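The structure appears below as structure tokens.
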There are 2 protein chains.
Amino acid sequence: MSPRRPSKKPKKPNKPAQARPQRTRRDLSRDKLIAVALDLLDRKGPAALTMRAVADAVEVTPMALYNHFSSKRDLLAAVADHVISAAEFDGGHADWREQLRHCFQTLRGLCLRHPGLPGLLEREGAAPVSVFAPMEVTLRALGDAGLDEIDSTRTYFLLISFTLGQAAYQARGAIEGLEPSKQIRAERIAGRGYRVTERLDLPARWDFDASFAFGLSLIVAGVEAMASKR
Amino acid sequence: MSPRRPSKKPKKPNKPAQARPQRTRRDLSRDKLIAVALDLLDRKGPAALTMRAVADAVEVTPMALYNHFSSKRDLLAAVADHVISAAEFDGGHADWREQLRHCFQTLRGLCLRHPGLPGLLEREGAAPVSVFAPMEVTLRALGDAGLDEIDSTRTYFLLISFTLGQAAYQARGAIEGLEPSKQIRAERIAGRGYRVTERLDLPARWDFDASFAFGLSLIVAGVEAMASKR
DNA sequence: ACCTGAACACCGTTCAAGT
DNA sequence: ACCTGAACACCGTTCAAGT
């Protein structure tokens, strides 16, 4: 995010400062590998993101990757961290409702640009420290709304499950044709006694953005109700 | 669930009813394989649920499974279907709030008994037709609450994302130690400027049941607000 | 109708060796 | 400090063959 990075923390100045381009190259190749992995994930999906594929893309042996990442999981966490740290979840709004919306619409935006992201965060512990950034913004906003720490944390989990779940569903639907459109349901449901679901008359193309906005508004209204109850 | 199953639908009575134990055996082995796969999933997790492991458990060659399921995905869908069809999502309550609670507490119960279930439903299209059962109950309840079809469907997605997301998080946390407890956060967060999150004083053991109940209540309150707004 | 055995084209990762 | 090459212990699945 910040245009210039801190100049490689010049601790221990007593040590002779002999030029060491390796340090820089090492970081560069780490970044390069993260970029390649993310590109693979975005363009070909999670199944195509293999250590061998990443290695191939930078024309190197698979085992070379293990000089930069201790495992595939480590690489995945770095990818997730790279995506999340690049975002600003704090919109700087005075109103907690706007803060909440900004925060989770930003997260949703990341998930839509990188459809593999929810899987990275939900799947086995590839969640990096940076996931605490949206948590921080959310807890502050909900504190302003009048919730205590526990209820704020609970609501945070609700918001993040909702956001990631929707985005994952959308990504999956786009790929696999699982949207709740009429013909899909019709052929899968016929004669099972799902009277309401069967008759359901939804638009041919489900508006995921509107659906997400509705969910957010519903949660905001719920927060207001819970806060006034206290 | 029901003690006796319908007697193998006796359609086409003109066809000579010569004994065919194969039919029964075939179904039996399918059921057996589903049971074995579910047991593997429950006891050893999703990574241990491989075609080879299932085959080993019934002392057969891996390829024998393909006589009963066209692919691993097909088997996974059958496992999910088996778990979901055994549940009753309709509590028969007159009040839509109670119906909603019953429906998603039931789903949550399934997920806690079978920690691999959310993964099955969320992951690549292993979602069976039976997932429409909770959808049907939810749409009816939300109709009673005063929401139209579109908003009901949106709220259904919110509820299901929330329920599956929480359960998956809980299952993962229990295995990987990712709960939002004080020490976990302390060591991962230190000195990153997450002021609120850092100071957060949560109980050592997060009460997932209470957290889920809170989320449901918040959503119910949100539904009431959205319905009265109409 | 159901099962076997060998094989294919993959995985992530270890280990010993090179520079 | 970084990379290679061969190997290990796995995957899901195809194919041809058996009964």
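The values are calculated or read from the model by the stated rules, or taken from the named source; none is laboratory data. If you're wondering where the values come from, they're calculated on a predicted model, not measured in any experiment. Don't worry about glycine lacking a Cβ; one is built from the backbone with ideal geometry, like all the others, and counts go over all protein chains shown. SASA here: full protein model, heavy atoms, side chains in, ligands and nucleic acids out. Shrake-Rupley method; radii C 1.70, N 1.55, O 1.52, S 1.80 Å.
Of the residues making up segment B:146-171, those that are within 7 Å of chain A (Cβ to nearest Cβ) and charged (D, E, K, R) are B:Glu149, B:Asp151, B:Arg154. Evaluate the following for A:Gly119: is it within 25 Å of A:Ala210 (Cα to Cα) and within 16 Å of DNA strand C (Cβ to nearest atom)? For A:Gly119, the condition - within 25 Å of A:Ala210 (Cα to Cα) and within 16 Å of DNA strand C (Cβ to nearest atom) - is met. Condition test on B:Arg108, is it out of contact with any His (no Cβ under 9 Å at 6 or more places or on another chain), basic (Lys, Arg) and open to solvent by 20 Å² or more (accessible area, probe 1.4 Å)? For B:Arg108, the condition - out of contact with any His (no Cβ under 9 Å at 6 or more places or on another chain), basic (Lys, Arg) and open to solvent by 20 Å² or more (accessible area, probe 1.4 Å) - is not met.
Before we move on, is A:Ala57 within 16 Å of DNA strand D (Cβ to nearest atom), outside the structural domain of A:Phe214 (by TED's automatic domain parsing) and in contact (Cβ under 8 Å) with a residue 12 or more places away in the chain? Talk me through it step by step, then tell me what you get.
Numbers: within 16 Å of DNA strand D (Cβ to nearest atom): yes; outside the structural domain of A:Phe214 (by TED's automatic domain parsing): yes; in contact (Cβ under 8 Å) with a residue 12 or more places away in the chain: yes.
Taking the combined requirement at face value, the residue satisfies it.
Hey, could you check segment B:29-54 for residues that are more than 12 Å from DNA strand D (Cβ to nearest atom) and either open to solvent by 60 Å² or more (accessible area, probe 1.4 Å) or over 20 Å from the mean Cα position of the chain (by Cα) (or both) and say which is farthest from B:Asp74 (Cα to Cα)? If we take residues in segment B:29-54 being more than 12 Å from DNA strand D (Cβ to nearest atom) and either open to solvent by 60 Å² or more (accessible area, probe 1.4 Å) or over 20 Å from the mean Cα position of the chain (by Cα) (or both), then B:Arg43 is farthest from B:Asp74 (Cα to Cα). On the given criteria, is B:Ala204 modelled with pLDDT of 95 or more and touching a Lys or Arg at 6+ places or on another chain (Cβ under 9 Å)? When the stated conditions are applied, B:Ala204 does not pass them.
When restricted to residues that are within 14 Å of chain B (Cβ to nearest Cβ), more than 10 Å from DNA strand C (Cβ to nearest atom) and of a type in the set (A, V, I, L, M, F, W, C), segment A:34-79 contains 1. Taking the residues in segment A:114-145 that are more than 9 Å from chain B (Cβ to nearest Cβ) and open to solvent by 40 Å² or more (accessible area, probe 1.4 Å) as candidates, determine which candidate is nearest to A:Trp96 (Cα to Cα). Going through the qualifying residues, I end up with A:Asp144.
Check segment B:73-93 and report whether any residue there is assigned to a helix (DSSP H, G or I), near DNA strand D (Cβ under 10 Å from one of its atoms) and surrounded by fewer than 18 Cβ atoms within 10 Å (Cβ to Cβ).
First, pick out the residues of segment B:73-93 that are assigned to a helix (DSSP H, G or I): B:73-85.
Of the ones still in play, those that are also near DNA strand D (Cβ under 10 Å from one of its atoms) are B:73-76.
Filter again for surrounded by fewer than 18 Cβ atoms within 10 Å (Cβ to Cβ), leaving B:73-74.
Scanning segment B:73-93 turns up at least one residue that is assigned to a helix (DSSP H, G or I), near DNA strand D (Cβ under 10 Å from one of its atoms) and surrounded by fewer than 18 Cβ atoms within 10 Å (Cβ to Cβ).
Close Cβ contacts (under 6 Å, 6 or more residues apart or on different chains) running from residues in segment A:207-230 that are more than 8 Å from chain B (Cβ to nearest Cβ) to residues that are modelled with pLDDT under 95 and open to solvent by 30 Å² or more (accessible area, probe 1.4 Å) comprise A:Phe208/A:Gln170. Every condition in (1) open to solvent by 50 Å² or more (accessible area, probe 1.4 Å); (2) out of contact with any Phe, Trp or Tyr (no Cβ under 8 Å at 6 or more places or on another chain); (3) touching a residue at least 12 places away in the same chain (Cβ under 8 Å) is met by A:His102 except one, and the failing one is (2).
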